[in-house]
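The values are calculated or read from the model by the stated rules, or taken from the named source; none is laboratory data. Computed from a predicted structure; not experimentally measured. So basically every Cβ, Gly included, is an ideal-geometry build from the backbone, and we count neighbours across all protein chains shown. Each accessible area value is taken on the protein alone, full model and side chains, heavy atoms only, with ligands, DNA and RNA left out. Shrake-Rupley method; radii C 1.70, N 1.55, O 1.52, S 1.80 Å.
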Amino acid sequence: MIADRWSMPVRGIRLAFSLAVLSFVAGCAGPALQDEIRRSEPTFAKPPAESGPVAELASRVERMHGTGTSGFKLLDHSDEALIWRLALIDSATTSVDVMTYLWYPDVSGRLLLERVILAARRGVHVRLVVDDLLTIDHDQLLVDLQNQPNIEVRLFNPWKERGVAARAGEMIAEMERLNTRMHAKLLVADGRAAVIGGRNIGDHYFGLSEAYNFHDLDVLAVGPIADNANSMFDHYWNSDWIVSADNLTAVADPAKARETWENLQSAVRSAPELQNLPREPRDWSDDLNRLTGELRPGTGYLVYDDVSAEEIAQSMIGTMFGFFNRAQEELLITNAYVIPGEPAIEFLSALDRRGVDIRILTNSLASHDVPAVNSHYEGWRDDLINAGVELYELRSDAAIRSIVEVPPVRGAFTGLHTKAAVIDGRYSFVGSMNLDPRSANINTEMGIIVDSPELAADLRRIMLRDMGGENAWQVFLDDDGEPYWRNSDETTRDQPSRGFMQNVMNVIFKILPKEQY
């Protein structure tokens, strides 16, 4: 259901207004959405490709592991997460579908935009679904893309007014509707392969930001699972929550589109951040051949919130705890934003009583990009530990910085954005779902559940590595119930942070409603 929340999340406000001062392209924004929304007839994904590099990869997986089995690879390193997205886009012959919450106008955002346009120019059908949160002043770009051959653009839950000031006024008038955002991330190529996980499209997610970079996680999935991903994409694509860019009042401008294209290509070619990444499309056949042996066999399915009705049915939180409840021996969770409630604590206590080893990694205040989440999480530390959880918090100077950042970029700190879990060395979850009220009750969320001991072993190794003292603090309680932190270098009773102002903000945000985070 549409949640009855009454303020925009601080992280959404910060992102929206920071983007407002950036320019994806030169030009003026369209003033509004059409008064009467024109709804398109339902359309659906193209059938899975019968030929081409991606189809051949899927066929090899089927020959190796049998009909009905898919192949999976965890994308742990920032550079490989970007590279495999480029590989699928460059290798597609029939279709590329991209769904994302945020698409930043930065180096990686431009690079991926250029590649999907080039795919369309060689005849690939491209569908893009973007949440409308960060599209401020980009209507001309959206309309010009929509008017390119083989490209369709749709927006989730769009603002009627398009400029910054007008959007702010509309937000006040329609908070209940506009507070609901699409948090899903998905890329599907040729109906044969997909990337599913937590990364938005932006430099923070691909190790290319000098401000900070996220440790994040995706799954590259090949085989029948991609057809399941197509079904999810179609479910959103044909929802009444999704509006075609045809409904924007901006008018297509071929001259402006040509100028934008030239500027986009020039920016990609000249970006020093991309010196160790493939700036140009290329033949990925050899890489896809090698990938065959790296894929872990298994079966899986996508889980996601239903947006088919007038009101969104937020079922993901129930799905997640149903998944956690499968655990008989071990439950490992890595989740960037954790704000549990009493039912969650009682649930974890019950798991502990039946002998399940529970370990959770989340952000420390020091690694946080959203101090407000920490403000509402920190009071639950003792409850989590008393419920039997081994609790870990990421270090901002984590050793995994070496796989998070892509040279020559060096960020100020490392944060956590992963949402993953592994159960009993067999079942894995990777997706967009945070364990906080916003993901549970307001946003639409998604993820993939995979039955594969091999993939689970890979995920377990990553999670235990991240919980190690070089990468995380373990949180303990002393005899008086007060928390203290220990890593491989030191023990402290002071909550790890990046400085005085972060501690101040952590206190200030306690007065804001936790339901918004």
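Here are a few things to note about the model shown:
Conditions tested, residue by residue: (1) under 22 Å from R199 (Cβ atoms); (2) buried (at least 24 other Cβ atoms within 10 Å of the Cβ); (3) under 23 Å from the mean Cα position of the chain (by Cα).
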| site | (1), (2), (3) |
| --- | --- |
| E390 | no, no, no |
| R410 | yes, no, yes |
| L416 | yes, yes, yes |
| A420 | yes, yes, yes |
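- Close Cβ contacts (under 9 Å, 6 or more residues apart or on different chains) running from residues in the range 261-275 that are in contact (Cβ under 8 Å) with a residue 60 or more places away in the chain and more than 20 Å from V143 (Cβ to Cβ) to residues that are of a type in the set (A, V, I, L, M, F, W, C) and open to solvent by 60 Å² or more (accessible area, probe 1.4 Å) are absent.
- Index of the failed condition, L88 passing every other in (1) in contact with a Phe, Trp or Tyr (Cβ under 9 Å, 6 or more places away or on another chain); (2) open to solvent by 20 Å² or more (accessible area, probe 1.4 Å): (2)
For every residue, the table says whether it meets (1) touching a residue at least 60 places away in the same chain (Cβ under 8 Å); (2) assigned to a loop (DSSP other than H, G, I, E, B); (3) more than 19 Å from M463 (Cβ to Cβ).
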site	(1), (2), (3)
F347	no, no, yes
L351	no, no, no
I360	no, no, no
W380	no, no, yes
I385	yes, no, no
Y392	yes, no, no
A399	yes, yes, no
V409	yes, yes, yes
R438	yes, no, yes
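- Criterion: at pLDDT below 95 and open to solvent by less than 10 Å² (accessible area, probe 1.4 Å) - qualifying residue of A372, A398: A372
- Residues of the range 482-509 that turn out to be open to solvent by less than 60 Å² (accessible area, probe 1.4 Å) and not polar (S, T, N, Q), as a count: 7
- W159, sole failed condition from (1) in a loop (DSSP other than H, G, I, E, B); (2) modelled with pLDDT under 90: (2)
- Tallying residues that are open to solvent by 10 Å² or more (accessible area, probe 1.4 Å) and either in a helix (DSSP H, G or I) or over 28 Å from R63 (Cβ atoms) (or both) within the range 185-208 yields 4.
- Residues of the range 308-327 classified as among the aliphatic types (A, V, I, L, M) and either modelled with pLDDT under 95 or under 30 Å from R63 (Cα atoms) (or both), total: 3
- Criterion (of a type in the set (D, E), under 27 Å from I448 (Cα atoms) and either surrounded by fewer than 24 Cβ atoms within 10 Å (Cβ to Cβ) or in contact with a strand residue (DSSP E or B) (Cβ under 9 Å, 6 or more places away or on another chain) (or both)) met by exactly one of E152, E161: E152
- Pair list, Cβ under 9 Å, 6 or more apart: the range 296-312 residue under 18 Å from N238 (Cα atoms) and of a type in the set (K, R), other residue open to solvent by 30 Å² or more (accessible area, probe 1.4 Å) and not in a strand (DSSP E or B): none
- Subset of the range 422-436 [in contact with a Lys or Arg (Cβ under 8 Å, 6 or more places away or on another chain), open to solvent by 10 Å² or more (accessible area, probe 1.4 Å) and outside any strand (DSSP E or B)]: D424, G425
- Within the range 118-133, the residues that satisfy the criterion of being open to solvent by 10 Å² or more (accessible area, probe 1.4 Å) and either over 20 Å from N230 (Cα atoms) or in a loop (DSSP other than H, G, I, E, B) (or both) are L118, R121, R122, G123.
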